[in-house]
Each structure stands twice: as C-alpha cells, then as structure tokens.
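Peer 1: Below is one structure. I have some questions about it.
The values are calculated or read from the model by the stated rules, or taken from the named source; none is laboratory data. Everything numeric in this text was worked out from a predicted model, so none of it was measured. Cβ: placed from backbone, ideal geometry, glycine included. Neighbour counts: every protein chain shown.
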Amino acid sequence: MTSLTPTAEGNIPFSVQIPGKEQKNPCTTYYKIFGDISATKVPRLVVVHGGPGAAHEYLLSFAALWDRYGIPVVFYDQIGCGASSHLPETRGDISFWKEELFIAELENLLDHLKLRDGPGFHLLGQSWGGLLGAAYAARRPRGLQRLVLASALASIDLSIRSIELRREEMPQDIRDSLTKCLGENDYESPQFREAAALFSKSFVCRADPFPPELIAGLRHLAEDTTVYGTMYGPSVFNLNGSLSGWTCIPQLQQIEAPTLVYNGEFDTSHDIGQEPFFELIPRVRWITFPDGGHMCHLEPGLAERVLKVVGEFLAQHKSPK
C-alpha cells in the first residue's frame, strides 16, 4: 500500500431509485483525497476503479502523483462495494446496475467536491473504470481537462474477444480444463480454480505474489458479488450480465479532452480493445507496456514507468496564470 497519508476522506450522500420502491434509497459514496483540492492551480485527478466492484485500494499507487507532480488525487469507491453503500437486495437486477447509475454517482462526487470549478479535473479510469471514463468523457462534461484510459476496452464484444485471444495463448491442457469447466458451469472445482489462477498470473497481474493492493480488490469482489455478478457474470470467462452489448465506440469521436490510452503486452485488455480509442478519439496517444498485464501499475519493472508516463501526460496541462 502507499505510504502517503490521505489529506481528507469522507462519505458523500447519494440517493438511488431502486426498482419497486416508491422512495429513493439513501446511500453514500466513500472518497479519499491526497493533496489540496481547493487551493491548487492544477486540475485534480479523479481515479475511477474497475471490477466493477473492486473498490479503490488497488489503484492507490497513483496517490504518488501528488507528491511527485503536485497533482491532487481523488479516489472513491463506487456504489455497491468497498466503504460505499452496499445493496445486496438488488443482486441480479440488470435494470438497476447500468452505466447511468455510475455516471450519476461520478457527477454527484464532482459536484460535491466542486471539482468542475477553477482548474477543473482530470479523469483516470482503469479497466471497467476506463469503460465508464470513456463514456463519460464523450458527454463533454464541464471541467474535464485530460483523460487516461488504463487497460480499458471500447466495447464488451471486444472484451470478450480479448479474453478469448488470451485463452488461446494458454497451454493446451489449461485451455481444455477451462473449456470443460465452463461447459459444465463449474466455477468452484480445484480444476477450474487452478486454470483461472494461471490465467490471472499470466494476464491479469504478472507480479508474483500478488501485491496487497490487488488482494484488497479481489477481497471486495469476493465478499459482495452483487455488482460484478450482475453486471459482468459468474467469471471473467462468461460475460452474461447487464454490460452485455455495451459499447462506447459510436461516441468516441465526441471526446474533446486530450487522451492517454495504455495497456500491457499481455493484458486481458488486448490491443484489439484499444484500437477504436486510437482510431476515433481526436487527440490521443497509445502506449503498450512491454511484458505488462492488466495491472501494469502494480507490476515490478513497470509500476514506476506507468506513474511517470501518466504524471508527465497530466502535467502537460497548462495551468491558468
């Protein structure tokens, strides 16, 4: 975990309309800040985590952007996970767990912390957070200055294809085990767990052992499966949730903010999922980190380089005099 100490943290009221209920359900969004978001003359960075449902801890290494580049950093746990409100009664409700819910929560956070004002804000979305970040940036929100899409994907169909391509790179016996287990809807047997673990070590995070930041995220996903199970599905190999068919490709040309796209050479977010970003976003740079997986920012030999690339990209923004 980062050795930096948060400047502030708290909970933001966020009410949601749960289907079947007459009144809105009062919820809260947990946030954590590194740096001074009120006195700064540079845009504040808002970090949007993945999963969906993994919470913010596995991205805390980006807090160092405050110390190294003077960029205040805001983390938050999306609704349904971490220290934010959990809604287990909505498990399986695909009409509730959709993009619009998370867009509304992000806008509520920006307004509560007044991040649109003054120098505005940058947005960094990792994995699912990058899907959400791209869709949000296409709306041209007031105050957005720069966008970082970290191991994101332009559509769920490309996500599915990316996973298929990575599976094809596995040893034949592992591929056979996955095919057998998935055909039997077997996600609990030692055979499936062993194959899934090797897949994760090859393509999700290539650090061995997994760092504690990532362990925290995996724990969040395991302790409450409401969000991931409803939006994605029973495993990374079987996407059948509310994100099925999702795409932001038709909206990518509407992104005005200068954008940094990055992924790893062995990322579950394969190059095919990055190509629409590079081809359609008007002002974009794409970097693929050699030997990297889905968690480049946590992997030995790459973590410092990722931080430097992101920090220098965000620092290019010209602050008002």
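Peer 1: State which residue pairs qualify: first residue under 13 Å from Leu113 (Cβ atoms) and inside region 7-27, second residue at pLDDT 95 or above and of a type in the set (Lys, Arg) in any location, beta carbons under 7 Å apart, and separation of 6 or more residues or different chains.
Peer 2: As it stands, the answer is Glu9/Lys32, since those pairs meet every condition given.
Peer 1: Can I ask one more? I want to confirm something. Restricting to region 292-314 and keeping residues that are in contact with an Asp or Glu (Cβ under 8 Å, 6 or more places away or on another chain) and hydrophobic (A, V, I, L, M, F, W, C), which single residue is surrounded by the most Cβ atoms within 10 Å (Cβ to Cβ)?
Peer 2: Looking at residues that are in contact with an Asp or Glu (Cβ under 8 Å, 6 or more places away or on another chain) and hydrophobic (A, V, I, L, M, F, W, C), I get Cys296.
Peer 1: I'd like to verify a number: residues in region 178-217 that are under 26 Å from Gly129 (Cβ atoms), crowded, with 20+ Cβ neighbours inside 10 Å and of a type in the set (Gly, Ala, Ser), how many?
Peer 2: Total satisfying the criteria: 1.
Peer 1: Also, I was wondering about something else. Looking only at region 21-41, which residues are among the basic types (Lys, Arg) and exposed (fewer than 11 other Cβ atoms within 10 Å of the Cβ)?
Peer 2: Lys21, Lys41
Peer 1: How about region 4-28: which of its residues are under 22 Å from the mean Cα position of the chain (by Cα) and at pLDDT below 95?
Peer 2: Within region 4-28, Leu4, Pro6 qualify.
Peer 1: So in region 218-277, with the set limited to residues that are over 15 Å from Ile163 (Cα atoms), within 16 Å of the chain's Cα centre (by Cα) and of a type in the set (S, T, N, Q), which one is surrounded by the most Cβ atoms within 10 Å (Cβ to Cβ)?
Peer 2: Thr259
Here is a yes/no grid of residues against (1) more than 23 Å from Gly264 (Cα to Cα); (2) free of Cβ contacts under 8 Å to residues at least 24 places away in the same chain; (3) assigned to a helix (DSSP H, G or I):
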residue: Arg193; (1), (2), (3): yes, yes, yes
residue: Asp208; (1), (2), (3): no, yes, no
residue: Glu213; (1), (2), (3): no, no, yes
residue: Arg219; (1), (2), (3): yes, yes, yes
residue: Thr230; (1), (2), (3): yes, no, yes
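Peer 1: Let me confirm something: among Pro276, Pro282, which residue is assigned to a loop (DSSP other than H, G, I, E, B) and at negative phi?
Peer 2: Result: Pro282 is the single residue among Pro276, Pro282 that is assigned to a loop (DSSP other than H, G, I, E, B) and at negative phi.
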